[in-house]
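One structure is given below, encoded as structure tokens.
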Amino acid sequence: MQNTVNTPAFINAQQFDTFILQNYGAFGLPEGMWRDVSMFGSGTVLTVKSVGDVTLQDASEDQELTSTPIDSSTLTLSITDWIGDKWHITDKLREDGTQLDALISARALATTRALAEYHETRFLEVAASGQTAASLNLVNKRPHRWIAGGSGSTTRRMSAADFNAMKLAFDKANIPAEGRIAIVDPIVEATLNNLTNLVNVSNNPTFEGIITEGFARGHKFVKHIYGWDIWTSNLLPTKTSTEAIDASGYGLANTTAQIGDIMNLFMCVADDNAKPVMHAWRRPVKSETWRNYDLERDEYKTTSRFGMGVQRNDTLGIILTDSATY
């Protein structure tokens with residue numbers, strides 16, 4: 001007779017599942033949130049011209065108008081980021097291992113995800129760099145940067161009033177109503193899910209499903225608030241130092257953002273003229289594979305080069321929020 005006691009050599013105590021568990025990555029924001037500078041195919045610095053407003057004059061009979069210049073300036077874009085990933089598989093591993101094809105596919109997916117997360121992180125960082133810290137960043141006498149909570153609040157939690165105030169700021173800056181987006185931390189979504197007065201938002205008449213399902217679906221909010229198409233991201237820049245902003249003169253908070261607080265970004269992406277950020281690929285994501293005969297292995301490499309820069313900051317807004325409390 002044979003049983004588990006007298007035949008242990010035929011028992012494989014350790015088994016390996018054919019399924020390979022992979023990490024989840026941060027959901028990527030869609031393309032089109034920046035101006036694609038496709039003509040910047042060579043060189044080191046791209047210079048972009050911009051013009052301001054015309055100042056009108058009073059005219060009268062028999063009086064000649066004075067020639068006046070229009071304000072102009074330049075800004076630049078450089079290729080700043082060069083990133084990549086390299087790895088290899090030895091012949092010995094191919095000979096002794098199993099599921100190598102699955103490993104190769106998983107590694108390629110992980111590399112693609114890491115590059116996408118890096119790219120999105122840089123986009124959000126560059127956008128945030130368009131503002132001055134500890135400042136209201138006034139545009140047409142309305143703030144474009146403050147700490148969340150509304151009038152007199154020190155909670156640093158987003159409220160519907162903050163979305164309304166940013167809408168007013170963009171309206172006063174003559175920014176197109178279409179193409180307005182807000183990229184917020186999931187903590188903000190959790191805060192909004194708790195707001196019982198959200199039914200009072202004028203352009204959100206259908207309240208069904210919000211509390212039961214939450215706003216975020218595939219990292220995009222199901223609903224709009226005061227004209228904002230709201231996306232969530234776990235890659236938003238955070239504060240590395242405290243920042244005091246007094247926006248009490250505008251019915252907003254007068255408090256201090258803490259280290260780790262989130263910079264939630266508001267912007268208009270209606271067209272290339274409105275987008276706050278410009279972007280240029282010098283080398284789109286490129287993958288290469290080759291055989292290293294001396295070391296008896298197959299090598300894999302993926303690289304990318306690109307640059308981003310702020311092209312305008314009047315179509316940009318930032319509201320700072322607590323990173324943990326909702």
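The values are calculated or read from the model by the stated rules, or taken from the named source; none is laboratory data. Predicted, not measured: the structure shown is a model, and the values here were computed from it. All Cβ positions, glycine included, derive from the backbone under ideal geometry; neighbour counts span all protein chains shown. Please note that ligands, DNA and RNA were not included when accessible areas were found on the heavy atoms of the full protein model with its side chains. Shrake-Rupley method; radii C 1.70, N 1.55, O 1.52, S 1.80 Å.
On the basis of being touching a strand residue (DSSP E or B) at 6+ places or on another chain (Cβ under 7 Å), surrounded by 15 or more Cβ atoms within 10 Å (Cβ to Cβ) and either farther than 21 Å from Met267 by Cβ or modelled with pLDDT of 95 or more (or both), does Arg113 make the cut? Taking the combined requirement at face value, the residue does not satisfy it.
Annotation for segment 86-104: no member residue is aromatic (Phe, Trp, Tyr) and within 25 Å of the chain's Cα centre (by Cα). In segment 97-109, is there at least one residue being open to solvent by 70 Å² or more (accessible area, probe 1.4 Å) and in contact with a helix residue (DSSP H, G or I) (Cβ under 8 Å, 6 or more places away or on another chain)? No, segment 97-109 has no match at all. Kindly evaluate Met263 against the criterion of being more than 23 Å from Thr154 (Cα to Cα) and at pLDDT 95 or above. Taking the combined requirement at face value, the residue does not satisfy it.
Do we find that Thr132 is modelled with pLDDT of 95 or more, open to solvent by 30 Å² or more (accessible area, probe 1.4 Å) and part of a loop (DSSP other than H, G, I, E, B) in this structure?
For Thr132, the condition - modelled with pLDDT of 95 or more, open to solvent by 30 Å² or more (accessible area, probe 1.4 Å) and part of a loop (DSSP other than H, G, I, E, B) - is met.
For (1) more than 30 Å from Arg283 (Cβ to Cβ); (2) among the β-branched types (Val, Ile, Thr); (3) in contact (Cβ under 8 Å) with a residue 60 or more places away in the chain, each residue gets a yes or a no:
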| residue | (1), (2), (3) |
| --- | --- |
| Thr155 | yes, yes, yes |
| Ser159 | yes, no, no |
| Ala165 | yes, no, yes |
| Asp171 | yes, no, no |
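Kindly check whether there is at least one residue in segment 139-147 that is closer than 24 Å to Gly309 by Cβ, open to solvent by 10 Å² or more (accessible area, probe 1.4 Å) and assigned to a loop (DSSP other than H, G, I, E, B). Looking for residues that are closer than 24 Å to Gly309 by Cβ, open to solvent by 10 Å² or more (accessible area, probe 1.4 Å) and assigned to a loop (DSSP other than H, G, I, E, B), one finds at least one in segment 139-147, hence yes.
So, of the residues in segment 181-198 that are part of a loop (DSSP other than H, G, I, E, B) and out of contact with any helix residue (DSSP H, G or I) (no Cβ under 7 Å at 6 or more places or on another chain), which turns out to be nearest to Asn234 (Cα to Cα)? Out of the qualifying residues, it is Asp185.
Consider segment 149-180 and keep the residues that are open to solvent by less than 10 Å² (accessible area, probe 1.4 Å) and not in a loop (DSSP other than H, G, I, E, B). The one that is nearest to Trp34 (Cα to Cα) is Phe170. The residue of segment 229-250 that is nearest to Ala133 (Cα to Cα), among those that are assigned to a loop (DSSP other than H, G, I, E, B) and open to solvent by 70 Å² or more (accessible area, probe 1.4 Å), is Thr242.
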